[in-house]
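Some notes on the structure that comes next.
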Amino acid sequence: MNNPTLQMIHTVLTQLSGWLSRTFDKTAAWVTQLSWWKFAIFAILTMAGGAILNDTLFSSEEVVVTKNNNSNKHRKVRSATDGDTTVQIDDTGIRIRKNKPGSGGKEIEIDENGIREKNGIATPATPATPATPATGASEAAATTNPPAAPTAVIQTGDDIHIKLPPDMAREIGEDINNAVADAADEEISSYRKTSSKWFANFVMLFVLSLFGMKVVMGGKVRAEEKAREAGVAAERESLLRQVSEAKVQMMQAQVEPHFLFNTLASVEHLIETDPPRAAAMQRCLISYLRAVLPQIRDQVASTNLGREADMIRAYLELLKMRMEERLTIDYQMPEGLRSAAFPPMMLQSLVENAIKHGLECKAEGGTIRFRAEVAHKKLRVSVSDDGLGFGAAATKGTGVGLQNIRERLKLLYKDQAQLIITPNQPTGVCVTIEIPYELAD
C-alpha cells in the first residue's frame, strides 16, 4: 500500500473520528439539558415509534395464491440447474441433462412387465402381487380410474428422461414447487424474525445509551455550565472592580486641588503675618503630601490602615490651622491595628464629607472623631462629627462619594463588608466602615 493511499485512509479516519466526537458532544449536551420527565416522555415515544416501525417493516403476512386450473391445458416446463446438471419437469415426465455431454447411450423402458433395453435383452421385472378382485366401491373405483400409463426411463448419452403420465408429472411438479415455496417462506420468516429482534434490540440499546449518557455526562455538563457562568460573573466583577479602582485612582490624582491651593495661599499669607505658624502649616502640608503621594504613585487596590490614618491626620492638622478654634480633632488609632488591610482613599472621602457638609457650614464649628477597633473578627473604622447633619445645610453634595464607597466594598468583600450611616447625638452624622479583619501584604 503506497503512501498516498495511507494518507487518504488516515485523513478519512481522522475526519470520521472528528465527526463522531462532535456528534457525541452535541448529543450529550442535548440530552443533559432535558429534564427527567421530558427524557421519560422522549424514551416512551421512541420505543412506541420503534414498535410501530418494527411491525410495519418486519410483520409476516400470509400471501394466498389462487391458481387457475384452466392454464394447465398448455404444457408447462419447470427447470432447475446447479451448473453441471439441469432438471426439467413437464407434462411428459422428468428430464435430467448433464451440461457436459458424454458419448454413447442407451434407451431403457420400464413398464408393468419389467425393464427393457431397446434393441437389447429385456430384464425381467419383479413379479407383481396379484390384485384382489374388486368388489363394491373398489370395483367402481377400478372402473372409474383406468390403469395408469406405463412409466419409462430413457437414457441417451448423459441425458435421462423419465416418462410419467401427465397427471403424475403435474403432481410431482406442484409438490416440488410447493416444497420450494415452503422453504422460501420459512427462510423469509426466519429472516424477518431475526431482523425484528435486531431492530427492537437496537431501539432499546439506543434508549439505554441516552439514559446512561444523561446519568454519566449530566454532572460533567452541569459543572462545565456552572464554571462558564462563574467565569462570566467573575469577568463582570473584574471589570466592575477595574472601573471602581479607576475612579479611586482619579480621586488620588486629584487630591483636592482647591484644598492644596487654599493651603498654599494660607502659608503665603502667614509667612508675612505669622512666620512660626506658617512654618507649622508648611510642615503639616509636607506630612500630608508625604502620606498621599505614595498612594498616587503606587495605585494599589489595598493598603494598610496606618497609612490611611496618617494621611487623614495630616489632612485634619492642616484644616485645624485654617479653621483654628472652630475645629476640634478627637483621634484614636490603636498601634496594633496599623498593619490591618484597608482600601485606599475611603477614609479621605469620609473626612472630607464630614468637614465640607457638617462642620465648615456651621458657624461655631465642631468636633470630628476618628475611631478604629476590632470586634468579632471585623475591623470597624468610624468617622463622626457633631455638625449640622444630613439635609440641614444647602450644600452642593451629590452623594456620589458614599455611593462609590458602598460599591467598592461590595466588589472587594461581597457580603462581608458594609457601610453604616447613623445620626450622631446630639447632632451630626456617624459613618462606619466594617470589613473582615486581615493583615496587609
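Computed from the coordinates by the stated procedures, all read-outs in this text should not be read as laboratory data. Remember, it's a predicted structure, so these values are computed and weren't measured experimentally. Positions of Cβ are backbone-derived with ideal geometry, glycine not excepted, and every protein chain shown enters the neighbour counts.
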Over all pairs of different Cα atoms in the stretch 255-436, the reciprocal of the mean inverse distance gives a Kirkwood radius in Å of 17.1 Å
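Just how large is the dipole of the stretch 255-436 about the Cα centre, in debye to the nearest 20, putting +1 at every Lys and Arg Cβ and -1 at every Asp and Glu Cβ?
It works out to roughly 580 debye.
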Going by average Cβ neighbours within 10 Å, how do the peptides 426-436, 204-214 rank, with the highest at the top? 426-436, 204-214
Using the charge dipole of the stretch 264-367 (Lys, Arg: +1 at Cβ; Asp, Glu: -1 at Cβ; taken about the Cα centre), state which of LEU318, GLY366, SER339 has its Cα farthest towards the positive end. SER339
In what sequence, highest mean first, do 314-323, 410-419 appear when ranked by Cβ atoms within 10 angstrom? 314-323, 410-419
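Let me know the charge dipole size of the stretch 274-365 about its Cα centre in debye, to the nearest 20, where only the beta-carbon of Lys, Arg (+1) and Asp, Glu (-1) is charged.
Roughly 220 debye for the stretch 274-365.
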Theoretical gain in end-to-end length, TYR437 to LYS226 [0.36 nm per residue, Cα-Cα removed]: 72.9 nm
Among ILE405, HIS357, PHE390, flag the residue with its Cα farthest along the positive direction of the charge dipole of the stretch 341-441, charges on Cβ as +1 for Lys/Arg and -1 for Asp/Glu. ILE405
Please compare each pair in LYS356/LYS414; LYS38/LYS414; LYS220/LYS414; LYS26/LYS193; LYS98/LYS197 to a cut-off of 32 Å on the Cα-Cα distance and tell me which ones are over it. LYS38/LYS414; LYS26/LYS193; LYS98/LYS197
Determine, for each peptide in 223-236, 281-294, the mean count of other beta carbons within 10 angstrom over its residues, then list the peptides with the highest first. 281-294, 223-236
Computed lengthening from GLU325 to LYS98, 0.36 nm per intervening residue step minus Cα-Cα distance: 67.7 nm
